[in-house]
Amino acid sequence: MSQTEYYREQAERAQSLAARSSLPNVRARLLESAETWMRFVERAERLEQTQAGSTARMGRAPRLL
């Protein structure tokens, strides 16, 4: 399981728990948690894209002599 998948599962879990909560303060806290997990997802996806792009650009090293 990648970090991105883990973060996404945690966000979904927090959303699910918030939907089932009858206490407004608990629901708000869980929704905040879900938003935070989704920010982690976005960061991890951007990092994966950046790393994939830099690996593709590297290609073959130039010859030194």
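Table: residues versus (1) at pLDDT 95 or above; (2) assigned to a helix (DSSP H, G or I); (3) surrounded by fewer than 13 Cβ atoms within 10 Å (Cβ to Cβ).
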site: ARG8; (1), (2), (3): yes, yes, no
site: ARG13; (1), (2), (3): yes, yes, no
site: ALA18; (1), (2), (3): yes, yes, no
site: SER22; (1), (2), (3): yes, no, yes
site: ARG39; (1), (2), (3): yes, yes, yes
site: GLU42; (1), (2), (3): yes, yes, yes
site: ALA56; (1), (2), (3): no, yes, yes
site: PRO62; (1), (2), (3): no, no, yes
site: LEU65; (1), (2), (3): no, no, yes
**Request:** Give me the pairs, please: first residue somewhere in segment 1-29 and farther than 19 Å from VAL41 by Cα, second residue anywhere and hydroxyl-bearing (Ser, Thr, Tyr), beta-carbon distance under 6 Å, and either six or more positions apart or on two chains.
**Result:** ARG27/SER21
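The values are calculated or read from the model by the stated rules, or taken from the named source; none is laboratory data. For clarity, every value in this text was computed on a predicted model and none was experimentally measured. Cβ sites come from the backbone with ideal geometry, for glycine too, and all protein chains shown count toward neighbours.
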